[in-house]
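Each value in this text was obtained by applying a stated rule to the coordinates, not by laboratory testing. Predicted, not measured: the structure shown is a model, and the values here were computed from it. Neighbour counts run over all protein chains shown; Cβ positions are idealised from the backbone, glycine included.
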Amino acid sequence: MGSIAGFSGSETVTERAEPRARAFDSESPRLVGDEGTTTMSWYAVQTRSRHEKMVARQLESQGFTTFLPLTTQLRQWSDRRKMVEIPLFPGYTFLRMVYQPQHRLRVLSTEGIVSFVGVQGQGMPIPDRQIEHIQNLLTSQVSFESHPFLKVGQRVRIRSGSLSGTEGILVGQESDRMLVMSVELIQRSVSIRLQGYEVEPV
């Protein structure tokens, strides 16, 4: 997959109605720290604009497990229209690693990376379930859309179907209910319509 940098300044973006999405997801050998720890966690790194794919490829080549959620949008130029893959959360790439000084330095030395997401530049681990919920959403091919970040609300779990076990915050009522899934560290959320799904309180 090539970088999406270099789009014409005259392009316009057509918002998606039924987005298709997948993930740039590599399962490379896991890194282990010098002291023998095998504690692996997900972390987010902030990237330069339109460098998300390049960063994911470089981290993968260094042996890190990466996850870059991608979505497909219709982009229109003056002479053509084309479906292109763009990051679901622009400016961020996720990686799974043992957070030790030598690994942190390798990550920060990677071209296109600005910093770890956390406190004062120190990476903070992301709960596995938050990444898994996004991965499940992309795999299911269910229609979704971006949603303002939510942290507080009634948490529910889908009980059946392709998204069984997926958790999020319930918004709306009756036939217009939505499930909002968030990666809290980067304060980004996506939502799906719950019509046809059974949910239970968490």
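Using a basic spin-label model with each label point 7 Å from the Cα along Cα→Cβ, how many nm lie between Arg48 and Glu111?
Roughly 0.9 nm, to one decimal.
By the scheme Lys and Arg +1, Asp and Glu -1, what is the net charge of all other residues having a beta-carbon under 9 Å from that of Gln195?
So the surrounding residues net to +1.
Length gain on complete extension for the stretch Arg177 to Gln135, per 0.36 nm per residue less the alpha carbon to alpha carbon distance?
Answer, rounded to one decimal: 13.0 nm.
Provide the gained length on full extension for the span Gln120 to Ser78, in nm with one decimal, where the gain is 0.36 nm per separating residue minus the Cα-Cα distance.
Here the answer is 10.8 nm.
Let's test the formula: R0 of 22 Å, r as the Cβ-Cβ distance of Arg157 and Met40. What FRET efficiency results, to the nearest 0.05?
0.35
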